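Asker: Would you mind keeping the following structure in view while I ask a few things?
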Amino acid sequence: MKKTYRQGDILFISMDTPIHTDETAAGSLEIAQGEVTGHAHVLHAGAIGFDTDREKRVSRLDLPQGGALRHDEHAPIDLPPGSYEVRRQREYAYGEPISADD
Amino acid sequence: MVPAGGRHVPGRPGCGGGCRQALLRLRGIPWHHADRPVGEFVPGVRPHGPLHGSRSRLARALQLSEDNKVCGPGQLARPDLLTSCGILEDFPPEIRARLIAQAGAENVARGAGAGAVLEVDDTELRHQLVEAYGAKDLIFDSEVFSKTVKDDFGTLYRVEVPGDEDICVVKVLNATPEPDGTFQDYFLRVPPYVQTAREAVAWTFDMEEGYAPVAQT
């Protein structure tokens, strides 16, 4: 079973193999901005590789040194070194799912 | 009193005395009045298809609404009270849409009440009003949720809607305590096929199985 880490409405799923990412960041990276509260999920790490989806949201992460996930309303989470898929919580509506706002 | 040609729905709030009570409760709220011929009382709306059928249906719906005291001669009917009486769906779709747009879908749903929204026969209209009301509020306001399933991941609430899919919401606790030490809960609507709170929360993250976070805050 893949290990998962959850902070509020964001879920990180560890991937079995390292991934190649198209973009890099150092220091910190905003994973998601809460549309209602305005509080952001921010990843702090020495080296961050990441991919974005069609909506320009972070969808995959490569953290060779691991990282720390912080949010004003949630306790921090330490992510071990590895690669992760990033998923946002969604909500059902008639016909199609919609994203949940944190 | 059930109007001629109208439907009597046992237990539906708003029919007869209920509508009068609702009118009294809502007295004072401005409403539209228009001394216009039937079929022309909503500006900009032109019926499609056979004119006779549309006019006949509109005239019948207006008569029903007058009989139910939710509008008088020459007045525009209130869509929330029409819903509580179960006759909004008797209006032609374009008229109905215009009435809802003018009043606001949430005002219509809330004004009609959760029970009345769940008893709307027209599927499209019911779905619109359910979403405008909000699934979580609808479930608790209607007080008709038939099943609750609780596990370590939360509580799943379900309302069975005859002839339609169930309405389900899952209540989950925020894993991080508030400053006062309490845990805030929140609700998410989930598909009708989920059976447990764990399955419901897993669905919200598009996971079919194996949802067991090693850390969550």
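All of the numbers you see were taken from the coordinates with simple rules; none came from a lab. Computed from a prediction, not measured in an experiment: that's the story for all the values here. Don't worry about glycine lacking a Cβ; one is built from the backbone with ideal geometry, like all the others, and counts go over all protein chains shown.
Asker: Can you pull the one-decimal nm distance between simple spin-label points at B:Asp152 and A:His20, each 7 Å off the Cα toward Cβ?
Answerer: Using points 7 Å along Cα→Cβ, the separation is 4.0 nm.
Asker: I've got another one for you. Can you list residues from other chains, or at least 5 along the same chain, whose modelled amide H is less than 5 Å from the amide H of A:Ser83?
Answerer: Distant-sequence amide H within range of A:Ser83: A:Met15, A:Leu63.
Asker: Please work out the Cα convex hull volume for the stretch B:145-209 and give it in Å³ per residue.
Answerer: 86 Å³
Asker: Using a 10 angstrom cutoff on alpha carbons, build the Gaussian network for chain A and name the most mobile of A:Asp51, A:Asp72, A:Asp62.
Answerer: Judging by the Gaussian network model, the answer is A:Asp72.
Asker: Quick one, can you get me the convex hull of the C-alpha atoms of chain A expressed as volume per residue in Å³? Walk me through the intermediate numbers first.
Answerer: Numbers: hull volume 11.3 nm³, N = 102.
Considering the Cα atoms of chain A, their hull volume per residue is 111 Å³.
Asker: If I model a spin label at A:Asp53 and B:Leu173 as a point 7 Å from the Cα along the Cα→Cβ vector, what separation in nanometres do I get?
Answerer: 3.0 nm
Asker: Under 16 Å Cα to Cα from A:Lys2, which aspartates and glutamates show up? Leave out anything in the same chain fewer than 8 places away.
Answerer: A:Asp16, A:Asp62, A:Glu85, B:Asp206, B:Glu208, B:Glu209
Asker: Next up: Going through the stretch B:141-217, which chymotrypsin sites (Phe, Trp or Tyr not before Pro) have at most 15 other Cβ atoms within 10 Å and a DSSP loop state?
Answerer: Counting only loop positions with at most 15 other Cβ atoms within 10 Å, the chymotrypsin sites (Phe, Trp or Tyr not before Pro) in the stretch B:141-217 are B:Phe183, B:Tyr193.
Asker: Which of the lysines could be linked to B:Lys171 by a straight reach, that is with a Cα gap under 23 Å, when you skip same-chain ones fewer than 8 residues away?
Answerer: B:Lys136, B:Lys147, B:Lys150
Asker: Now, a different point. Counting only other chains, what is the mean number of Cβ atoms within 10 angstrom of the Cβ of each residue in peptide B:195-207?
Answerer: Details: counts 0, 0, 0, 0, 0, 1, 3, 2, 5, 11, 10, 7, 5.
Per residue, the number of nearby Cβ atoms from other chains is 3 on average.
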